[in-house]
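*Asks:* Shown below is the structure under consideration.
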Amino acid sequence: MYGWIWRRLPGPTPVRLVLAVALAALAVWLLFTTVFPWAEDSLPFLKVTVDS
Amino acid sequence: MTFNSPPDYVPPPEYTSPRPARSRRAPSRRSAGRTTVRSAGELLITAGLVLLLFVAYQLVWTNYEAHRAQSGVADQIRDDWQRPPASPSPGEPTADPEVELGEGFAFMRIPRLGKKYSVPVVEGVSLGALARGIGHYPRTVMPGEVGNFAVAGHRATHGEPFAYLDKVGKGDAVIVETSTEWFVYRIDRTKIVEPTDVWVIDPVPGHPDAEPTKQLITLTTCNPRWASTQRLILFGHLVSRQDRADGPPPELRRGA
């Protein structure tokens, strides 16, 4: 998977390295802003209210 | 290869390319198996990294974000309090302005949890509101009013204002500062209930039909700390109130 991505990145190795780091950062940003806030709704210790 | 080539000989790319497109060649059966195993391994490693990141998000990032949001709310409250109350337009009743959901309107101090413990109280108990401070159940009364002033707070992650609420018990003070007054509540008892026990935030908890005559407070959070099977509840009542202009109440000064 990572090899497949690496082969599809354009440019010489330094450019690919920068692009790879940027892709990884984008993935982490998506996780922190979208995926994790969505996933944590089901975490038990966020339920602190009484409701029926 | 070059010494007997004609001067204008251009070698075909498969001779000059340092790695003659080995990876793009149709994979043999053996390397197909290898690719599958490698991809599965990469997926597993990725899943492990994502889970680690999620733990870091929960334990570090949510607290960082919540504390930043809380200081934003604290600024908003101080701004609101400094602004002179809007003069009522003629003919309008001078009722208390409604607090909007998510808006901060008070500070809660619990000396047992530290001298510096001061957390903004926001309207509403949605996850969005609770990430910005202690949340006030909108259908309960405001601080100092007759009835039950009920709040909820996170006990783990997202600022976790009630992380150590189990250390607060009978006789401890819970102090609420609003734009006009200080309210000192004292805890009467602690109870662990089911998540569906909505009666704990009734105007008179335990007496569903009673007409409220006292100013009560209820604090709710999850119990055990990292689970949701129960709720930790603290009940208290108002013991004193004073104008905000008179400065902090004695409970805050001696740190009791």
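Readers should treat all values here as calculations from the given coordinates under stated rules, not as data from a laboratory. Predicted model, so just to flag it, every value in this text is computed and none were measured. A quick note on method: Cβ atoms are made from the backbone with ideal geometry, for glycine too, and the neighbour counts reach across all protein chains shown.
*Asks:* Listed highest first by mean packing, meaning other Cβ atoms within 10 Å per residue, what order do A:14-24, B:207-217 come in?
*Replies:* B:207-217, A:14-24
*Asks:* Calculated FRET efficiency, B:D246 and B:D79, Cβ-Cβ r, R0 22 Å, to nearest 0.05?
*Replies:* The value I calculate is 0.50.
*Asks:* I've got another one for you. In nm, to one decimal, how far is the B:R189 label point from the B:K214 one, both placed 7 Å along Cα→Cβ?
*Replies:* If labels sit at B:R189 and B:K214, their model points lie 1.1 nm apart.
*Asks:* Moving to a separate point now. In the neighborhood of A:P44, defined by Cβ-to-Cβ distances under 15 Å, what is the net charge if each Lys or Arg adds +1 and each Asp or Glu adds -1?
*Replies:* Result for the local shell: -1.
*Asks:* Applying a 10 Å radius around every beta-carbon, put B:32-41, B:63-72 in order of their mean neighbour count, most first.
*Replies:* Ranked from most to least packed, the peptides come out as B:63-72, B:32-41.
*Asks:* Along the stretch B:202-213, what does the Karplus equation 6.51 cos²θ - 1.76 cosθ + 1.60 (θ = phi - 60°) give for ³J(HN,Hα), rounded to whole Hz, x for Gly and Pro?
*Replies:* Values per residue, Gly and Pro as x: 4, x, 10, x, x, 10, x, 9, 6, 7, x, 10 Hz.
*Asks:* Provide the per-residue ³J(HN,Hα) series for the stretch B:140-148, in order, calculated from phi with Karplus coefficients 6.51, -1.76, 1.60 and θ = phi - 60°, each as a whole number of Hz, with x at glycine and proline positions.
*Replies:* After applying 6.51 cos²θ - 1.76 cosθ + 1.60, I find 9, 6, 7, x, x, 7, 5, x, 10 Hz.
*Asks:* Moving to a separate point now. What's the extension gain from B:V239 to B:Y117 if we count 0.36 nm per residue and subtract their Cα-Cα distance?
*Replies:* Additional length available on full extension: 41.9 nm.
*Asks:* Separate question: Could you give the size of the charge dipole of the protein assembly as shown about its Cα centre, using +1 on the Cβ of each K and R and -1 on the Cβ of each D and E, expressed in debye and rounded to the nearest 20?
*Replies:* 2320 debye
*Asks:* Which of the peptides B:50-61, B:125-136 is most tightly packed, and how do the rest follow, judged by the mean count of other Cβ atoms within 10 Å per residue?
*Replies:* B:125-136, B:50-61
*Asks:* In peptide A:38-46, what is the residue-averaged number of other protein chain Cβ atoms found within 10 Å of each Cβ?
*Replies:* 6
*Asks:* As an exercise, use a Förster radius of 25 Å and the Cβ-Cβ distance of A:R8 and B:Y9 to find the FRET efficiency, rounded to the nearest 0.05.
*Replies:* That pair, A:R8 with B:Y9, gives E of 0.15.
*Asks:* What does the structure give for B:152-158 when I average, per residue, the other chain Cβ atoms found within 10 Å of the residue Cβ?
*Replies:* 4
*Asks:* Next question, about the same structure. What is the mean number of Cβ atoms from other protein chains located within 10 Å of the Cβ atom of each residue in peptide B:214-224, rounded to a whole number?
*Replies:* Going residue by residue through B:214-224 and averaging, the value is 2.
*Asks:* Return the distance in nm (one decimal) between the two label points of a simple spin-label model at B:E98 and B:T36, each offset 7 Å from Cα along Cα→Cβ.
*Replies:* For the pair B:E98/B:T36, the computed spacing is 6.2 nm.
*Asks:* For B:K170, give me every one of the lysines with a C-alpha distance below 24 angstrom, ignoring sequence neighbours fewer than eight places off in its own chain.
*Replies:* Correct list for B:K170: B:K115, B:K116, B:K191, B:K214.
*Asks:* While we're looking at this one, here's another question. Which percentage, to the nearest 5, of the DSSP beta bridges contained in the protein assembly as shown is antiparallel?
*Replies:* Here the share of antiparallel DSSP bridges comes out near 80 percent.
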